[in-house]
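Please read the structure below before turning to the comments.
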Amino acid sequence: MAQPTPSTAHRLPSTIYFHSKPQPSFNKNFDLLIRHLHEMKAAGYETYICSENPKQFDRLAAIFKELKADVAFLPVEIPIHEGFIDEDLKIEVLTDHQIFQRYHQYKIRQGYTKDQALNYRLLRELAPGDYVTHIDHGIGKFAGLQKIEIGGQVQEAVRLNYKNNDILYVSIHSLHKISKYIGQEGTAPQLSKIGSDAWKQLKARTKRKIKDIAAELIKLYAARRAAKGHAFPPDGYLQTELEASFIYEDTPDQYKSTQDVKADMEKEYPMDRLICGDVGFGKTEVAIRAAFKAVTDGKQVAVLVPTTILALQHWKTFNERLAEFPVTVDYLNRFRSTKEKKDILDKLKKGRIDIIIGTHALLGKEVAFKDLGLLVVDEEQKFGVASKEKLRALKVNVDTLTLTATPIPRTLQFSLMAARDLSVIRTPPPNRQPIHTEIRVFDEDLIRETILAEVNRSGQVFFVHNRVNDLPKIVEMLQRLCPETEVAMAHGQMDAEHLEKVLVDFIDRKFDVLACTNIIETGLDIPNANTIIINRADMFGLSDLHQLRGRVGRSNQKAYCYLFAPPMSVLTQEARKRLRTIEEFSELGSGFAVAMRDLDIRGAGNLLGGEQSGFIADIGFETYQKILDEAIQELKETDFKDIFKEEIAQKGSYVRDVTIETDVEMLIPDEYVSNTQERLNLYTELNTIENEEGIAAFAKRLEDRFGKLPHQVNALFDGLRLQWLCKKLGFERLILKGGKLRCYFLGDPQSSFFETDTFNKIVQFVGTHGRIMGISLKQTNKELIMVQDEVRSLKAVKGVLEQVVGATTK
């Protein structure tokens with residue numbers, strides 16, 4: 001900002017002038033950059049270069065050294081969105097991503113944890129009238145936030161309406177007990193009746209059923225844990241060399257996924273990890289690194305892909321990446337002749353092929369490996385049930401890595417439920433731009449315009465039409481509309497060699513337009529094709545549309561996707577929602593969002609068989625997920641406690657939910673945050689905070705946005721701290737009313753918590769110090785309660801519980 005001159009310093013100027021300019025464009029021309037830096041230095045400017053990644057400074061220094069340039073700059077390890085020149089302060093601040101022409105996000109988002117994935121707030125914002133499920137009381141209708149008075153103090157609660165106009169107020173500390181109802185689309189659920197046993201019975205019935213299924217799942221998981229896998233050694237120099245030779249810089253998620261995969265491979269038991277990353281986000285690179293790690297330890301790798309085309313594409317990618325290393329890569333698909341197949345199978349058996357890439361033919365009886373160490377499955381949901389059964393048999397003691405661009409609900413459910421490990425790659429590679437997506441009615445003029453616009457910028461176009469019989473007519477139409485372009489045709493019923501030739505020619509830019517079926521859907525990587533027209537898009541599933549759209553936009557060019565469909569009014573409700581979803585989620589990395597919406601549209605389906613869908617319709621998907629989670633935790637702590645000994649010991653907490661009831665005023669006041677939806681969002685976020693750092697960051701954000709924190713918000717933070725202490729001490733419920741404190745231990749007398757050191761130490765502590773501190777234990781018919789009378793404040797309660805926690809950790 002310009003400094004006020006002495007004459008204006010005593011009064012505030014009505015206009016403030018900024019004498020600044022944006023960072024000049026260098027178009028990756030380093031001679032131009034060096035010349036500019038010399039000019040700025042001569043003019044008395046100081047140059048700062050900002051980057052999030054310190055390696056970039058080394059890179060720049062190396063480039064300047066190589067070009068024998070004597071230039072100086074000051075490195076600043078902070079990312080900013082755009083560079084600028086300040087003429088008053090005589091400084092220029094440049095950004096590395098503008099110098100290297102990279103795409104820059106304001107803040108790279110780290111992958112979601114399992115809990116966050118389910119609470120993906122943007123997809124889950126509640127509006128009055130939405131159906132919600134309360135885990136203890138059943139299905140009600142959300143009616144917004146409401147002020148209620150407890151013991152003369154005002155608090156805020158979520159109001160839910162139930163059957164017969166009954167109202168339930170849910171404390172803002174129990175928001176985790178509410179979830180948006182997701183059942184089958186288009187069918188409204190029945191409202192539950194408060195106080196009746198029907199909901200409890202439904203929950204118990206669901207839990208029993210789920211436990212049978214979950215036990216099967218855990219047996220699979222346990223068999224894998226117990227199975228003796230091959231523990232790969234730590235990375236050698238070859239691995240480091242391969243990873244350093246990657247031409248792009250790893251995105252943070254890509255780096256983390258690679259580390260996770262390699263850590264899993266180094267463990268004693270077999271890996272089963274799912275990598276979910278949007279189309280073109282670098283999953284294949286992670287798979288190549290894992291495959292190379294296996295090969296350098298003398299093991300073979302099988303890469304299983306759903307389509308013939310993809311086998312060919314992967315073979316090219318793997319070959320190019322591993323060209324400098326002593327690795328043999330081959331592929332099996334229906335393009336190979338019988339003689340070639342026989343030769344490949346023979347080499348595979350003798351161990352002369354390190355990495356084999358193929359379609360489900362790889363699962364055939366005649367395929368034998370000398371020493372298989374890693375199985376990579378691309379787009380698992382595209383395989384049929386029979387193939388999956390063969391896969392499962394193969395997987396028990398082989399490390400398995402599954403890649404998927406659209407995590408279809410069932411695979412999503414598995415992962416979110418922790419039956420397999422999940423890595424999410426959410427950060428797009430530098431330079432990527434979102435794909436412009438539009439729903440249109442079939443229009444020949446638009447087709448001609450679109451194709452010519454793409455061809456005029458030297459690009460190529462996909463025209464997808466999924467009926468093989470009509471494809472020749474489509475080709476005729478395209479040739480009539482755009483006689484100046486070359487049009488080719490591709491579909492799965494073509495002769496194998498002919499199809500391969502057409503695709504290779506299209507990759508080599510011999511054709512401008514490819515009229516094809518969805519054979520191109522999986523994995524075809526043609527960076528020069530940046531427009532796709534999908535005819536009768538209403539006939540495709542959501543994941544198919546997402547995959548097809550992902551065929552374009554794989555370079556730094558702006559890409560376009562046109563979805564042709566009949567007018568919305570004549571489509572089914574499901575088709576309308578599918579198209580709207582694809583149009584709405586066109587941002588980079590929206591695969592996860594698409595899958596979550598898919599759960600909404602299709603109903604949540606089932607984990608291991610059709611009988612569960614009835615339960616989901618009754619209780620809603622997220623509640624089903626919670627009960628599933630609970631059932632799995634209970635099974636881990638009872639029937640399977642030997643297998644999960646380490647996990648239980650590390651867990652340290654037997655309580656999942658803590659309910660706090662108090663007459664202390666704790667809320668976000670209206671005069672502090674006036675927007676109701678914003679307050680609800682803040683309460684929801686507050687509910688997910690797990691430590692003091694989280695509270696500090698949340699408080700700072702609140703102060704930045706709304707000003708000094710009122711005492712009621714600080715009381716909310718104290719309530720949160722009490723929840724953490726209660727979890728450590730095995731309390732499920734804490735009631736502080738009228739100066740009396742009641743802490744209720746776990747309601748399940750069979751819980752192994754009552755056999756722990758923690759519980760014994762609490763009993764000892766109360767026995768020794770109870771009289772002095774005024775605390776005692778009281779046993780009723782149903783529960784054990786820790787009691788203290790005459791408690792002044794939340795701070796005093798916190799002090800008491802901290803002393804008890806202190807005694808349990810000695």
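The values are calculated or read from the model by the stated rules, or taken from the named source; none is laboratory data. As the structure is a computational prediction, the values presented were derived from the model and not from experiment. Cβ placement follows ideal geometry from the backbone for every residue including glycine, while neighbour counts extend to all protein chains displayed. These area figures cover heavy atoms from the full protein model, side chains too; ligands, DNA and RNA do not enter into them. Shrake-Rupley method; radii C 1.70, N 1.55, O 1.52, S 1.80 Å.
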Quick check, is Ala43 more than 13 Å from His97 (Cβ to Cβ) and open to solvent by 40 Å² or more (accessible area, probe 1.4 Å)? yes
Taking into account only those residues within the stretch 193-218 that are assigned to a loop (DSSP other than H, G, I, E, B) and out of contact with any Leu (no Cβ under 9 Å at 6 or more places or on another chain), which is nearest to Tyr162 (Cα to Cα)? Lys193
Looking at the stretch 41-66 only, could you name the residues that are in contact with a strand residue (DSSP E or B) (Cβ under 6 Å, 6 or more places away or on another chain) and not β-branched (Val, Ile, Thr)? Tyr45, Glu46, Tyr48, Cys50, Phe57
So how many residues does the stretch 678-695 have that are open to solvent by less than 60 Å² (accessible area, probe 1.4 Å) and either over 24 Å from the mean Cα position of the chain (by Cα) or not aliphatic (A, V, I, L, M) (or both)? 8
Matching residues, the stretch 259-277, being part of a helix (DSSP H, G or I) and either of a type in the set (Phe, Trp, Tyr) or surrounded by fewer than 21 Cβ atoms within 10 Å (Cβ to Cβ) (or both): Gln259, Asp260, Lys262, Ala263
What's the number of the condition Gly806 fails, among (1) outside any helix (DSSP H, G or I); (2) open to solvent by 20 Å² or more (accessible area, probe 1.4 Å)? (1)
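Each row is one residue, and each column tells you yes or no for (1) at pLDDT 60 or above; (2) touching a helix residue (DSSP H, G or I) at 6+ places or on another chain (Cβ under 9 Å).
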site	(1), (2)
Tyr560	yes, yes
Ala575	yes, yes
Thr581	yes, yes
Ile601	no, yes
Leu607	no, yes
Ser613	no, no
Gly620	yes, no
Ala631	yes, yes
Glu637	yes, yes
Just to be sure I understand the filter: pairs with C-beta atoms under 8 Å, separated by 6 or more residues or on different chains, first member in the stretch 244-266 and closer than 10 Å to Thr427 by Cβ, second member modelled with pLDDT of 80 or more and part of a loop (DSSP other than H, G, I, E, B). Which pairs pass? Asp250/Gly282; Thr251/Gly282; Gln254/Gly282
How about the stretch 345-370: which of its residues are out of contact with any Lys or Arg (no Cβ under 7 Å at 6 or more places or on another chain), modelled with pLDDT of 90 or more, farther than 20 Å from Leu401 by Cβ and not in a helix (DSSP H, G or I)? Arg352
Would you be able to say whether some residue in the stretch 316-332 is of a type in the set (Gly, Ala, Ser), surrounded by 21 or more Cβ atoms within 10 Å (Cβ to Cβ) and modelled with pLDDT of 85 or more? no
Tally time: how many residues in the stretch 135-179 are basic (Lys, Arg) and part of a helix (DSSP H, G or I)? 2
So Gly151 fits all but one of (1) at pLDDT below 80; (2) open to solvent by 30 Å² or more (accessible area, probe 1.4 Å); (3) closer than 26 Å to Pro434 by Cα; what number is the exception? (3)
Considering every residue within the stretch 788-796, establish whether at least one is without any contact (Cβ under 8 Å) to a residue 60 or more places away in the chain and part of a strand (DSSP E or B). yes
Hits in the stretch 154-197 - residues which are touching a Gly at 6+ places or on another chain (Cβ under 8 Å), at pLDDT below 85 and not polar (S, T, N, Q): His173, Lys180, Tyr181, Ile182, Gly183, Glu185, Pro189
Residue count, the stretch 221-258, condition assigned to a helix (DSSP H, G or I), open to solvent by less than 50 Å² (accessible area, probe 1.4 Å) and charged (D, E, K, R), comes to 3
Considering the stretch 774-790, residues that are closer than 20 Å to Lys727 by Cβ and in contact with a helix residue (DSSP H, G or I) (Cβ under 8 Å, 6 or more places away or on another chain), and then whichever is most open to solvent (accessible area, probe 1.4 Å), we arrive at Leu777
When restricted to Pro527, Pro483, the only residue touching a residue at least 12 places away in the same chain (Cβ under 8 Å), over 27 Å from Glu574 (Cα atoms) and not in a helix (DSSP H, G or I) is Pro527
Please determine, by comparing only the residues of the stretch 445-466 that are over 16 Å from Asn528 (Cα atoms) and at pLDDT 90 or above, which one is surrounded by the fewest Cβ atoms within 10 Å (Cβ to Cβ). Asp445
